[in-house]
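The values are calculated or read from the model by the stated rules, or taken from the named source; none is laboratory data. Everything numeric in this text was worked out from a predicted model, so none of it was measured. Here the Cβ is made from the backbone with ideal geometry for all residues, glycine too, and neighbour counts use every protein chain on show.
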């Protein structure tokens, strides 16, 4: 359970946008407070959604042996959604998006136009809305026949791993501000050029794993 949930959580953590925003907030007038509230927003959203998904899945009885079909059907559906997301990312036209950002109409441009603590917290909440990979990670925990202690530990790991893309740079900045800022700037240049391919790959891998897992489960293999 923990290995499977951690794997999906790691895929959910791949977010070029989240890392780009962290670099912006660390370069703001009040970097420590702004970045801390960004991480707080991300953790609040992640924890709330993890608990919500867990409660809903448990309430619907998907952890019960008799719900074998619906359990794997959900995984198949999540896989299809992830693959659809990969297709959407692949077909998105970069020039149009870049032009929107230059003119201040893109979503990222609106978020970082005035980087401050309140904006950072809201950005953390918005950027860390649950993805198919995140829901799959929580489902792996919710549908496992494990003790309360094991379930709690697994859920905590899912939250920590899913948000590592923001809390890890913050810890690095607190320990070594200048070095972390330099590395983030260098990494962000690469992400701006390759972030779409990275996100598409993560969605594709997650989708394929879920589709195969869901299909074989439904087929009783």
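Quick notes
- Residue 107 at pLDDT below 90, farther than 30 Å from residue 214 by Cβ and either surrounded by 14 or more Cβ atoms within 10 Å (Cβ to Cβ) or touching a helix residue (DSSP H, G or I) at 6+ places or on another chain (Cβ under 6 Å) (or both): yes
For every residue, the table says whether it meets (1) closer than 29 Å to residue 195 by Cβ; (2) under 14 Å from the mean Cα position of the chain (by Cα).
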{"residue": "5", "(1), (2)": "yes, yes"}
{"residue": "15", "(1), (2)": "yes, yes"}
{"residue": "23", "(1), (2)": "yes, no"}
{"residue": "42", "(1), (2)": "yes, yes"}
{"residue": "48", "(1), (2)": "yes, yes"}
{"residue": "57", "(1), (2)": "no, no"}
{"residue": "60", "(1), (2)": "no, no"}
{"residue": "64", "(1), (2)": "no, no"}
{"residue": "73", "(1), (2)": "no, no"}
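- Of all residues in the stretch 50-67, those being touching a helix residue (DSSP H, G or I) at 6+ places or on another chain (Cβ under 7 Å) and at pLDDT 90 or above number 3.
- Residue list for the stretch 143-155, filter: at pLDDT 90 or above and either under 13 Å from residue 3 (Cβ atoms) or touching a helix residue (DSSP H, G or I) at 6+ places or on another chain (Cβ under 8 Å) (or both): 150, 151, 153, 154, 155
- Residue among 188, 194, 213 that is outside any loop (DSSP other than H, G, I, E, B), surrounded by fewer than 16 Cβ atoms within 10 Å (Cβ to Cβ) and on the phi < 0 side of the Ramachandran plot: 194
- With respect to the stated conditions, residue 220 is in contact with a helix residue (DSSP H, G or I) (Cβ under 9 Å, 6 or more places away or on another chain) and at positive phi.
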